Amino acid sequence: MNIEVDGEDLNAEAGDSLAAALLRSGRRVWSQGIYTGRPRGLISAGAEESNVFVQVLSGPGEPMVRATEIEAHDGLRVRTLAGKGALPAEADTARYDKAFAHADVLVVGGGPAGLMATLAAGRSGARVLLIDDQPRLGGWLHAARVRIDGRLGTGWADGVAAELASLPEVRVLTRTTVAGYYDHNSLVAVERRTDHLGDAVPVSVARQRLWHIRARQVVLATGAHERSIGFPDNDRPGIMLATSGAAYCWRYGVRPGLRAVVFGAHDGALAAATDLAEAGVEVVRTVDVRGGTWVTGTRADAHGVLAAVGLSDGSIVEADLLAVSGGWNPAVQLFSQSGGQIVWSDAVAGFVPGRPAQATHVAGAVTGTVDLATALADGARAGAAAASGAGFPTEPPDPPTVESGLPWGAPPAAYFLVPGGDPASVFLDLQRDATLHDLQRAMGAGLTSAEHVKRFTTIGTAADQGRGSGVLTVGVLAQLSGRPIDEIGTTTYRPPYTPISFALLAGRDRGRLADPERLTALHDWHVEHGAVFEDVGQWKRPWYFPVGDEDLDAAVRRECAAARTGVAVMDASTLGKIELQGDDVGVLLDRLYTNVFSTLAVGKVRYGVMCGPDGMAFDDGTTARLADDRWLMSTTTGNAARVLEWLEEWLQTEWPLLDVRCTSVTDQWSTLALVGPRSRDVLAALAPGLDVSVEGFGFMTLREAVVAGGPARVMRVSFSGELAYEINVATWHALNVWTEVLAAGAAYGIAPYGTETMHVLRAEKGYPIVGQDTDGTTTPQDLGMAWIVSKKKPDFVGKRSYARPHTVDPGRRQLVGLVPVDGRTRVAEGAQLVSPGARLTDTPVPMHGHVTSSYDSVALGTPFALALLSAGSQRHGEVLDAVDDGVPTAVRVVPPAAYDPDGARRDG
Amino acid sequence: MLIPCPWCGEREETEFHYGGQAHVAYPDDPSAVDDAGWAAYLFVRDNSKGWFAERWLHRAGCQRWFNAVRHTVTYEIAAAYPPGATRPVIG
């Protein structure tokens, strides 16, 4: 196979990881320290790799991947990285999917213990999911030379895989990494489906799947990671974890060196030495700290590659491989994420799983065992226990016999740091380029906990999240501080175990699919007629309808003029509409609105403000009584769902005996707001049977009528101060009614208008928008609407709060109008109000309030704003500065209802 | 979390909306509650370590409120019951 690394062709063998191919090339230096620039090479063969990361250029690309975790394939192109990758400028065009699985038993890890656990659980008939991050089941059996049941370990693993494939309730996901273990046995895994295929990827196959898994029982057979030792110049290319070195020989058939020194603190190092020797690597010295010798330093050749190893007995040994093994770190990350306790074990010289927090079992090397026969028996036991716990009682099968392996026995040493040497050359976290010197500085600054040291030194914060550096650093910290290691403990392991790309998390929920778009029945008409849209919640609403080359201001001036002097129409279908039925609707509304609704006559409409128990306004709108027991409530566009939930919450949790049923009818009814002094003429033309006179169709009343040939509910309500009608029709009639309205209004110069004009019209009248002119600390009284707060009702939600000292404070922020003193300048929404001439450099500048809405107003002949101002209702006439981005504008405080304050225009 | 809706059974937590401490009833006569008592009703809630009765809304399901007793350390849910029902004795 041909691959391309840094623009040069490289040969790779079938089954190679990229790392194996790099090693096969003979070159040793593949990276450099992010801060020190020191040459670096491969340190491991797997997930522990913290030196050699590459940017994948072929296929969909990926900014930063361990060379050990990429399967070589024809056409693979990568660039090596000195510390960090770069996000590609182009959008990721690959497809990412989400998948969901429910399992009786989830087994994480397909090594010997995981395979036995899956067999034991699978034979019980339970639904079992086995997840392994490698392409082929068997784990380290592929890198070792053991015999199980009379055949090579790899053959045994293949045999188990075949049996698992025959069990109908067992599913195996390879090339899949469990990244998160959450509450109630909810786990998240990343399945890599296509990267190893190169150009042979079928277009229909998603690149990755994000699995959400719910399991009754979980078996963690996650294995262990080999740990290094701190010694001077321990970062040179040629220094590698010992078992990884052996794995390169036996899994990939490539020798990581020809002349090796093996340096270790446990029997596993000796096993690796044997494996290296049997692969043809000349092992010139085995240095075991338990025997009283250690490595004192290393020497490099001209390229920075390992050339010789110094030992504590004074000898210097020439070598091109230093295979290091300080011990095994059981891979407790997922166990820890699940809430399980992590405890130090002297027997293992590592942190091991303690008490589980969920239905979690552990088996194999994650428990600290290093013996294959024990791991197999352990797996059988855990798998049977998990299946039994999930309701499939079963006994553990007899584990197979193991015929080879070393005589394990001598206990490991908890050994982390050799004495002496330059601390700045003793590397603890290779990816962060952090050294013993950094750790000593942290300790010198008084930091003693693992969490503090992590944040001070950045050790353990790189992509490996401390897999390579965490326990080593804790061990060194214990050694230097003289405290027991179990007292220091590890840092908290958090998801994800390995990085997950944002593209995968997003899946198909990107771009237009990121959030649902809600469109009104008139949307296509709006598009065809050049509307400019704005997002209001999930709704697409016309913002304005430019004619010719009008900009926003010009269009709004024209639309406002139509509404104030002729007639204009708006698609108001996005307003929330809730139908309430039952004998007690009036009672409910009396309790949830500040004013009285129960006395409302059929056919009448009333405006209400809804508040929380704290008295703060959270929605407003009109409610009409359709019949004795049928009501129609309207809400603001953005709050429709929240108001319906609010009604339901009180009905379900406080007043379950009230006879009220609520349902959303927002999508069933379309709403046209017909506004302006000529709106009566338009309505009269469309509804010949309807008495539209002031006397016959009064303000705040509702009529059921035939409009444009179809049934409609017409309400005389106004959000502009002008004569106005709200025409509600079944959604499938909306387009017809809309076009009929425009046709009938043509004689009067009717203009469709958008939300910006609606805002100007209502602001000119001082009508607040809840959520824009209020902020959750605003009462109806603050809005100048004390009139809507009933004094007669014994109680309603919010009433008691109006007697709190906080809400009766006369200095509260209250709604006011603002006009610029110069008559020209439109102040910015959000601008702060300060005393006139306040020195803005004398911070903090005392603030009196802020601007909530601001518009140009043709009707008023001046720009105009609404603001919340401390004691504002008492300050009309006062001049203040409105400050935006350091620029003050003098503004005069006026009452909020600046246009037609007497309401003379209401009846046309 | 897997939350046992009393009406729908166990469902994924993303279907639910949290409603805070349960059994905080709206006072029968708020006007009879003094300022301190009203402030306590509005703003003060338990933040206990251990078993905690709390409200949940099955928003993406039956849209009904219920109460659950959850352990705030282990997230174990020991009981779920309709609003108005007495809190079961746990632990």
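The values are calculated or read from the model by the stated rules, or taken from the named source; none is laboratory data. Given the structure is predicted, the values throughout are model-derived calculations rather than measurements. Neighbour counts are summed over all protein chains in view; Cβ atoms, including those assigned to glycine, are modelled from backbone coordinates with ideal geometry. The protein model used for the area step is the full one, side chains on, heavy atoms only, and it has no ligands, DNA or RNA in it. Shrake-Rupley method; radii C 1.70, N 1.55, O 1.52, S 1.80 Å.
So here's what we get for this one:
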{"item": "Solvent-accessible area per residue for the stretch A:569-725 (1.4 angstrom probe, square angstrom)", "result": "33"}
{"item": "Contour excess over end-to-end distance, with Cα ends at residue A:203 and residue A:293 and 0.36 nm allotted per residue", "result": "26.6 nm"}
{"item": "Cβ-Cβ FRET estimate between residue A:602 and residue A:777, R0 fixed at 45 Å, reported to 0.05", "result": "0.75"}
{"item": "Label-reachable residues, the stretch A:558-585, where backbone N falls under 16 Å from a point 7 Å from residue A:534's Cα toward its Cβ", "result": "A:558-560, A:570-575"}
{"item": "Alpha-carbon centroids, the stretch A:82-97 and the stretch B:25-64: separation in whole Å", "result": "47"}
{"item": "Cα-projected label distance for residue A:835 with residue B:45, points at 7 Å along beta-carbon direction, nm", "result": "4.1"}
{"item": "Between the stretch A:268-321 and the stretch A:461-520, the alpha-carbon center distance in angstrom", "result": "34"}
{"item": "Protein accessible area in chain B, 1.4 Å probe - carbon and sulfur %", "result": "49"}
{"item": "Shape category assigned to the stretch A:420-475 from the gyration tensor of Cα positions, a/c cut at 1.5", "result": "oblate"}
{"item": "Cβ-defined net charge surrounding residue A:673, 13 Å radius [Lys, Arg +1; Asp, Glu -1]", "result": "-1"}
{"item": "MRE, 222 nm, helices only [DSSP H, n ≥ 4, -39500 (n - 2.57), over chain A, to nearest 500]", "result": "-6000 deg cm²/dmol"}
{"item": "Separation in nanometres of the label points that stand 7 Å from Cα toward Cβ, at residue A:663 and residue B:75", "result": "3.7"}
{"item": "Inter-probe distance in nm under a simple model that places probes 7 Å from Cα toward Cβ, at residue A:403 and residue A:742", "result": "8.7"}
{"item": "Accessible area buried, both sides summed, chains A and B with 1.4 Å probe, Å²", "result": "2000"}
{"item": "Residue-averaged 222 nm ellipticity for chain B, from DSSP H runs of 4+ at -39500 (n - 2.57), nearest 500", "result": "-3000 deg cm²/dmol"}
{"item": "The stretch A:287-337, accessible surface, carbon-and-sulfur percent (1.4 angstrom probe)", "result": "53"}
{"item": "Drop in accessible area of at least 30 Å² in the complex versus isolated chain, residues of the stretch B:21-42, 1.4 Å probe", "result": "B:26, B:30, B:35, B:38, B:42"}
{"item": "Relative contact order (%) - criterion: Cα under 8 Å, at least six apart; region: chain A", "result": "9"}
{"item": "Overall form of the stretch A:750-845 per C-alpha gyration tensor (a/c, 1.5; a/b vs b/c)", "result": "oblate"}
{"item": "Separation between Cα centres of the stretch A:776-823 and the stretch A:703-730, rounded to whole Å", "result": "31"}
{"item": "Computed lengthening from residue A:4 to residue A:892, 0.36 nm per intervening residue step minus Cα-Cα distance", "result": "312.6 nm"}
{"item": "Stretchable slack from residue A:341 to residue A:91, in nm (0.36 nm times residue separation minus alpha-carbon distance)", "result": "85.9 nm"}
{"item": "Threshold 30 Å², the stretch A:792-818 residues less accessible with all protein chains present than alone (1.4 Å probe)", "result": "A:795, A:800, A:804"}
{"item": "Per residue accessible area in Å² of the stretch A:114-168, where ligands, DNA and RNA are left out and the probe is 1.4 Å", "result": "37"}
{"item": "Heavy-atom accessible area, 1.4 Å probe, ligands and nucleic acids excluded: residues of the stretch A:172-195 down by at least 50 Å² from chain alone", "result": "A:183, A:184"}
{"item": "Accessible area (Å², 1.4 Å probe, nearest 10) - residue A:547", "result": "90"}
{"item": "Surface per residue (accessible, 1.4 Å probe) for the stretch A:347-420, Å²", "result": "43"}
{"item": "Anisotropy class of the stretch A:758-908 from Cα gyration tensor, a/c 1.5 cut", "result": "oblate"}
{"item": "The protein assembly as shown: antiparallel DSSP beta bridges as a percent of all, rounded to 5", "result": "75"}
